[in-house]
2 protein chains.
Amino acid sequence: MERTLTENETAADAAGGVDAPGAAGGAGAAAGGALYRRVAADLREAITTGAYGETGRLPAEGALAERYGVSRGTVRQALAVLRADGLVTSRRGTRRVVLGNARVQSFSELLSFTHWARSMGEEPGGRLESLVRRPADAAEREHLRLPPGSEVYVTLRLRTLSGTPVMCERTVYPPHVGILVAQLPPDVVSHTEQLREHGILFTDADHTIDVVAANAEDAKLLGCRRGAPLLRERRRTTDPTGRPVEWSQDRYLPGTVAFSVHNSLATSALSRHARESD
Amino acid sequence: MERTLTENETAADAAGGVDAPGAAGGAGAAAGGALYRRVAADLREAITTGAYGETGRLPAEGALAERYGVSRGTVRQALAVLRADGLVTSRRGTRRVVLGNARVQSFSELLSFTHWARSMGEEPGGRLESLVRRPADAAEREHLRLPPGSEVYVTLRLRTLSGTPVMCERTVYPPHVGILVAQLPPDVVSHTEQLREHGILFTDADHTIDVVAANAEDAKLLGCRRGAPLLRERRRTTDPTGRPVEWSQDRYLPGTVAFSVHNSLATSALSRHARESD
DNA sequence: GAGTGGTCTAGACCACACG
DNA sequence: GTGTGGTCTAGACCACTCT
């Protein structure tokens, strides 16, 4: 039973018509990107739609390979994606089992407050409180891998959802990014989007999550008391080259957000630390 | 230039002598597990030791394949592990680049307070405050995938590091696990370890991290004021079958822990949510 | 013993980065 | 243009689960 992958889709999950792998061997990709991504997208939809039940078993790899008209290796590549997302299990000897309806966010929704807000149907807002250029301190040089004597651009922004303040964001940019940020109009909603259009790409990020007490500035901006608890997310983002492009610290009012992570024996991107490594 | 993988190692990172893939084709594994894991472990050490510099480039896949006497596919499998850990980049057209010294924790260190404490050289402590068996409420049945009318076992434990209280842990177990927990001596340090010896395996986990205010019970146990902020981690863990084995809620005193996550365009296990999904 | 996923090999072509 | 990683194929054997 051959199955044709459906057309269309937003972006990374795109799918293009597939009839046969064409002249074999080749990339096979035509419209929607890699073949395995289209297979993964199709399976993801089938799973979240409940086609295999809440805790059902998937067809065998061989069966899927035949259904989609691809090799077993390609099917495995597709399934690896779903497994990393925590959607299915995988163990030797038995069919894969549906784990849950993991709602995974795209990378850009994670990095961009604006994308995130819009994906929830909320109206994102932002006000630039300050932007300064100054010499980087030791910690900043460390995080951004800058040589001694480097300067950085530092922004402070208040972020709102539908008008309500929820987070304040302090971001340190290396010179080659900061110079672009400094040229943006002060009322730009999404810095991330603008930077992307200027060729600054975000591909990897390290996040650290903990609790801190609001300082005087936080309190003033967010409208809470000094010393009130805030959920803090610190993040270092790098471009495809591995060069740091951002070192940011976000402080959320309690009750406005929660962070979710999935991991498994095979894939563990999460860790727990004792003290502040600042 | 052929390179022999070094012997031994703790467990999952183990390495065994390799001369040639033996009769080819086969699993090739003899002592330390899969071939690609041994290659990954060797490369991991080389990288964290600084053999390629802080931001250096790795040899090409083909070169590594020759060095280790394996196929390119196996090398790629090894590199995929390192990439998921955030240790190296990977983009078409150029060599991989060292990203950072990501200190990744093993899965068990993440799930077990005891393992975690010991890996830091601290002395873990635990006191069982209560253990009750009662009918599961709707939320608990949902998380543990239990049918109506099921019972659950609920534990409350205070956790200490070197004698200092840092966290209180409320765990809900499904019947088949709870019945084992109930039989453990009240002074057992690690429930996780004991359960593993009884054949209960942990392979997948979903974590949600946010901030909550201490209730009366938290305050009494942790020695803080009522309403004081706590870092909360909720976690649903499943076994290889996909069956939930634990639904836990840990509340940490501020300043005692931080959680770190790595993600990338290719691998995103992290997400950010608006409200409590409880 | 049959079925299924895990691992490994060998070869191929393509897309992209960089000189 | 050359080198590099990304994708795909085809075939093989092994380890494990389950009946």
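The values are calculated or read from the model by the stated rules, or taken from the named source; none is laboratory data. Remember, predicted model here, so these are calculated numbers, not experimental data. Quick reminder, even Gly has a Cβ in these numbers, built from the backbone with ideal geometry, and neighbours come from all protein chains shown. For accessibility, only protein heavy atoms count, side chains too; no ligands or nucleic acids. Shrake-Rupley method; radii C 1.70, N 1.55, O 1.52, S 1.80 Å.
Results, tabulated for the structure shown:
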read-out	value
B:THR48, A:THR203, ranked by accessible area, largest first (probe 1.4 Å)	B:THR48, A:THR203
Measure of compaction for segment B:44-86 (Cα Rg per 2.2 N^0.38 Å)	1.14
Dipole magnitude of the protein assembly as shown, debye to nearest 20 (Cβ charges: Lys/Arg +1, Asp/Glu -1, about Cα centre)	40
Carbon plus sulfur fraction of accessible area for chain A, probe 1.4 Å, in percent	50
The protein assembly as shown - convex hull of alpha carbons, volume per residue in Å³	172
Student exercise, segment B:134-232 dipole from Lys, Arg, Asp, Glu Cβ charges, in Debye to nearest 20	340
Complex-versus-alone comparison for segment A:84-132, residues with a loss of 50 Å² or more in accessible area, probe 1.4 Å	A:ARG91, A:LEU99, A:ARG103, A:GLN105, A:PHE107, A:LEU110
For the B-to-A rotation axis, chain B residue with nearest beta carbon and its distance in angstrom	B:PRO229, 1
Net charge contributed by nearby residues that have their C-beta within less than 12 Å of B:ASP187 (K/R +1, D/E -1)	+2
Degrees between helix A:72-84 axis and first principal axis of chain A (Cα, 0 to 90, nearest 10)	40
Label geometry 7 Å along the beta-carbon vector: B:ALA266 inter-copy distances in nm	1.5
Over chain A: helical MRE at 222 nm, DSSP H runs n ≥ 4 each giving -39500 (n - 2.57), nearest 500	-7500 deg cm²/dmol
Distances in nm from A:GLU54 to the matching label points in the other copies, shortest first (labels 7 Å along Cα to Cβ)	5.3
Copies compared at B:ALA34 - label distances in nm, ascending, label defined 7 Å from Cα in the Cβ direction	1.6
Computed log₁₀ I(q)/I(0) - Debye formula, equal Cα scatterers, no solvent, segment B:107-252, q 0.14, 0.15, 0.18, 0.21 Å⁻¹	-0.66, -0.77, -1.13, -1.51
